[in-house]
Amino acid sequence: MLPHLQLILLLLAFISHEPEAVAQSQVAPVTKHTDLATPLYSVQLMITSWVNRDIFYKNLLIDIDAPFTWYNCTVDWNSLIYNRNCPTCPAPVSCQEYQCTNVRTSSSYESPSCLPETNSSTLPGGGDCTCPVNVVNPINGTCGQALLNFDEFTFRGSDGKNPLPEYLVRSQLNAACAPLTMFESFPANVTGVMAFSKSQYAFPAYQFQPFTKTFGLCLPSSLSAHGVMFSGNGPYYLLPNSDVDLRSLLSYIPLLSYPDSFGYFIGVKSVVVKERSIDVSNSTTKLSTIEPYTILRTDIYKQMVQMISIATMGILRVWPVAPFGLCLKNQIGRSHVSLLVPDIVLKLEDGKKWIISSSNSMKQVKKNVACLAFVDGGATSEHGIVIGTFQMEDNFLMFDLDNSSLGFSSSLLSNKTSCANFNFTSP
């Protein structure tokens with residue numbers, strides 16, 4: 001069939017089968033992994049090879065620090081000549097293209113263990129140099145080299161309440177193919193890193209109209225159900241409150257910049273427990289989807305432990321369980337929520353408060369033992385506070401890069417819902 005005739009028929013098909021709903025956002029399931037020493041979170045996406053349009057699925061580690069996306073794949077110049085022998089081969093970026101130089105100079109991984117990048121990766125087929133870029137394993141810190149390419153990452157369109165089967169929202173972006181050895185320390189079935197940072201080569205930068213450079217992250221505490229990642233304009237809904245837009249629960253604060261970092265920082269003025277306060281206004285506070293528990297510089301950590309110790313004097317202490325320094329006897333033994341532990345309040349810009357309730361401050365480590373889920377980062381820690389994933393679970397966070405702001409809900413449990421309550425069933 002002639003190409004122009006195919007296009008006409010395709011357009012007629014869209015006109016005659018107009019979807020009933022309109023995608024206002026994009027959605028993807030988030031999985032909690034606990035097969036390693038510490039929990040990590042992945043997002044499942046469809047990836048389309050530019051070369052031959054084959055579609056495959058990948059579980060990619062959520063990293064809000066990573067400068068660009070990379071995963072286990074193979075670059076093959078032969079694929080450009082319609083080679084069906086490599087269905088998952090993406091289109092390579094040559095060493096001469098501007099993206100190669102730009103990624104290396106403005107959006108690269110920085111690590112002392114990385115070797116200099118050289119233009120020596122000539123592959124069979126086209127004969128051109130394929131752009132090598134350094135990647136750093138966020139779990140163990142090892143550095144390796146990957147080959148930069150073009151890929152198409154696909155989210156399911158959503159009306160905010162359900163995924164819409166008739167909508168696929170694609171983003172074409174530069175990613176990189178890394179060898180399988182770079183993923184040996186990853187959770188099972190996770191073979192990549194999805195970058196959600198402020199870098200110009202991370203996923204948010206590739207959002208186009210009508211979708212804004214905004215993404216919402218809702219990490220599940222449950223292992224049996226998915227959390228959810230939204231991107232785009234909203235609205236966003238969770239069951240059973242399917243008429244309550246999550247954005248109505250959010251408080252907003254500015255996102256701050258930090259030198260040589262693509263990550264997200266916020267201004268925390270003090271940490272308060274039952275009217276006792278720690279001044280942290282001269283420290284930086286970073287958010288991380290790799291660190292499992294909030295890390296506090298030693299001087300802040302000691303004061304935190306002291307405040308919680310005083311506030312829980314009526315609860316029996318038990319021997320600490322690493323990496324935690326304060327553990328309590330959970331008399332009921334079913335859930336850490338049963339402990340009468342006061343809220344930890346982060347006082348933020350403009351009088352805003354991020355309330356960390358016991359469900360996000362106490363970690364059940366044994367049947368009758370729960371520990372304060374904050375760890376000592378050392379006296380010379382670069383950042384005073386690094387907020388980890390345990391404190392983010394069942395909180396809805398909305399990163400708005402267009403307005404450089406962070407929306408946060410505090411615990412959704414107080415609103416009778418959780419991050420595991422998005423309805424992934426298509427209507």
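Points worth noting:
- Taking all protein chains as they are arranged and a probe of 1.4 Å, the heavy atoms of residue 226 leave approximately 90 Å² accessible to solvent.
- In Å², nearest 10: area of residue 302 left accessible to a 1.4 Å probe: 140
- At R0 = 41 Å, FRET efficiency that the Cβ-Cβ distance of residue 316 and residue 281 yields, to 0.05: 0.70
- Listed by chain and number, the lysines placed with their C-alpha closer than 19 angstrom to that of residue 352 are 269, 274, 286; residues fewer than eight positions away on the same chain are left out.
- When nucleic acids and ligands are ignored and a 1.4 Å probe is applied, residue 191 ends up with an accessible area of around 40 Å².
- Projecting the Cα atoms of 217, 179, 191 onto the charge dipole of the stretch 126-285 (Cβ charges, centred on the Cα centre) puts 217 farthest toward the positive pole.
- Protein-only accessible surface at a 1.4 angstrom probe places the residues 237, 264 in the order 237, 264, largest first.
- Within the chain, helices built from complete DSSP H runs that reach 15 Å or longer along their own axis (Cα positions) and carry a mean Kyte-Doolittle hydropathy of -1.0 or higher are 3-16, 298-311.
- Rounded to the nearest 20 debye, the dipole size of the stretch 150-291 about its Cα centre is 300 debye, using +1 on the Cβ of Lys and Arg and -1 on the Cβ of Asp and Glu.
- Think of the chain as having a plus end and a minus end, set by charges on the Cβ of Lys, Arg, Asp and Glu; of 339, 373, 266, 339 sits farthest toward the positive end of this dipole.
- Cross-link partners of residue 416 among aspartates and glutamates (Cα-Cα below 20 Å; sequence separation of 8 or more within a chain): 243, 245, 343, 393, 394
- The value of relative contact order for the chain, using C-alpha pairs under 8 Å at least six residues apart, is 18 percent.
- Counting only Cβ charges, +1 for Lys and Arg and -1 for Asp and Glu, the dipole size of the chain around its Cα centre is about 1380 debye.
- In the set (1) 34; (2) 45; (3) 26, the label that goes with percent of Cα pairs over 38 Å apart computed for this structure is (3).
- Of all aspartates and glutamates in the structure, the ones whose alpha carbon falls short of 16 Å from that of residue 198, not counting any fewer than 8 places away in one chain, are 63, 65, 110, 260, 400, 402.
- Comparing 179, 342, 112 in a Gaussian network model of the chain where C-alpha atoms under 10 Å apart are linked, the largest mean-square fluctuation is found at 112.
The values are calculated or read from the model by the stated rules, or taken from the named source; none is laboratory data. Values in this document were obtained by computation on a predicted structure and should not be read as measured data. We place every Cβ from the backbone using ideal geometry, glycine too, and count neighbours over all the protein chains shown. Ligands, DNA and RNA are excluded from the accessible area calculation, which covers all protein heavy atoms including side chains. Shrake-Rupley method; radii C 1.70, N 1.55, O 1.52, S 1.80 Å.
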